[in-house]
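The next block holds one structure in the form of structure tokens; read it before the comments.
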Amino acid sequence: MATRGAQTYLTPEEYIILERKAIPDAETVRSEYMNGEIIPMSGASFAHNLITMNISARLHTSLMGTECAVFANEMRISIPTTKSYFYPDVGVVCAEPRFEDDIFDMLLNPIVVIEVLSP
């Protein structure tokens, strides 16, 4: 029977440092962060990508001419109240986007966050 290894918990600051180093490195898996735990992200299937793109395209078309913009899975969102960071499949931000710092890679004010659940 396999046993789970000891979990290493990181501060939000430690996570951000690691994640920012991982992004340019194609060999490193992106991860999300919740309650001090790093959650590795797996690759998406063809069906998952197709669903995500269809949602993005429909939202983009529906929101044209408004102050809202659609973003895809490369945009990390920050939830300051829980000190969590996620990469939703699709999201919407209206008005001026606000970011956690001056690197502009952690969005604070999405109004819609969509996570596609698929095999």
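Every read-out reported here was derived from the displayed coordinates using simple, explicitly stated rules and does not represent laboratory data. None of the values given here were measured: they were computed from a predicted structure. We place every Cβ from the backbone using ideal geometry, glycine too, and count neighbours over all the protein chains shown.
Using a 7 Å offset from the Cα along the Cα-to-Cβ direction at both Thr8 and Val29, what is the distance between the two label points in nm, to one decimal?
My value for the distance between the label points is 1.5 nm.
Using amide H atoms built 1.01 Å from N in the peptide plane, name the residues 5+ places from Cys68, or on other chains, whose amide H lies under 5 Å from its own.
For Cys68, the qualifying residues are Ala95.
Which of (1) 2, 8, 8, 8, 10, 14, 16, 11, 8, 6, 5, 2, 0; (2) 2, 9, 13, 17, 18, 13, 10, 8, 5, 3, 1, 0; (3) 2, 10, 18, 20, 19, 15, 9, 3, 1, 1, 0, 0 is the computed P(r) over Cα pairs in 5 Å bins from 0, in percent for the structure on display?
Looking at P(r) over Cα pairs in 5 Å bins from 0, in percent for this model, the match is (3).
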